[in-house]
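Input: a single structure, listed below in structure tokens.
The values are calculated or read from the model by the stated rules, or taken from the named source; none is laboratory data. Note that this is a predicted model, so its numbers are computed, not measured. Note that each Cβ is placed from the backbone with ideal geometry, even for glycine, and that neighbours are counted across all protein chains shown. Calculation scope for accessible area: heavy atoms of the full protein, side chains included, ligands and nucleic acids excluded. Shrake-Rupley method; radii C 1.70, N 1.55, O 1.52, S 1.80 Å.
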Amino acid sequence: MIEEPERQLLEKARKGEPEAFSILVEKYSARLFGACFSLLGNRQDAEDCVQDTFIKAYCAIAEYNFMAAFYTWLYRIAINTCLDYHRKNSRNNAFSLDESLDVEDSQVYLQVADQSPLPDEQAETAEMQEMIRQEIGCLPQSLQEILILRDLEGLSYHELAKTLLLSEGTVKSRLSRARHQLMERIRLREQSAT
């Protein structure tokens, strides 16, 4: 359940009252920044994604249906925004090998070691990620949600309990059930592939 003061604020925001949405932005921006920063590892990129998340949320607030906690809804938008941002910007990393750094009596040129995985490793990693994503998607919504928030977002049990309006004991048992079901699905999938 969403607490009544927040529900009223959300209702006002859904009716187009910008002041109400402003209060929500103030309330959740620090948490969203933490989530975005943990995914992107860069302060400026995280700030950009938080801003984009709130713009998207503002445009889609009428679609928010109170089925999940508001932070959970925002969090999903933020994760998708970060993933899109990362995908878009990871292709544009360019270095100039012509630039040099002057040191005492010489110049040092940039040397770039290729740290990227080999093509077969990339394919295997991408295949594994897609398989895990598919299997998470097959879990019941409540288990998907808790697995993503804990294992990908890194929320503590206390934060999960507060976000999902559950007791910490329920959070722990649901998370355990989600992990068990995911591992079982992966095990069965691997068995059927051999």
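Couple of notes before you dig in:
- Label point of ARG179 set 7 angstrom out along Cα-Cβ; within segment 36-57, no amide nitrogen lies under 20 Å from it.
- FRET E, pair LYS15, GLN141, Förster distance 45 Å, beta-carbon r, rounded to 0.05: 0.95
- Per residue accessible area in Å² of segment 145-194, where ligands, DNA and RNA are left out and the probe is 1.4 Å: 61
- Entries in LYS27/LYS88; LYS27/LYS162; LYS88/LYS162; LYS88/LYS172; LYS56/LYS88; LYS12/LYS56 that, when Cα-Cα distance is taken, lie over 24 Å: LYS27/LYS88; LYS88/LYS162; LYS88/LYS172
- Loop-located GluC sites (Glu not before Pro) across segment 1-73 with a Cβ neighbour count of 13 or fewer within 10 Å are GLU3, with loop assigned by DSSP.
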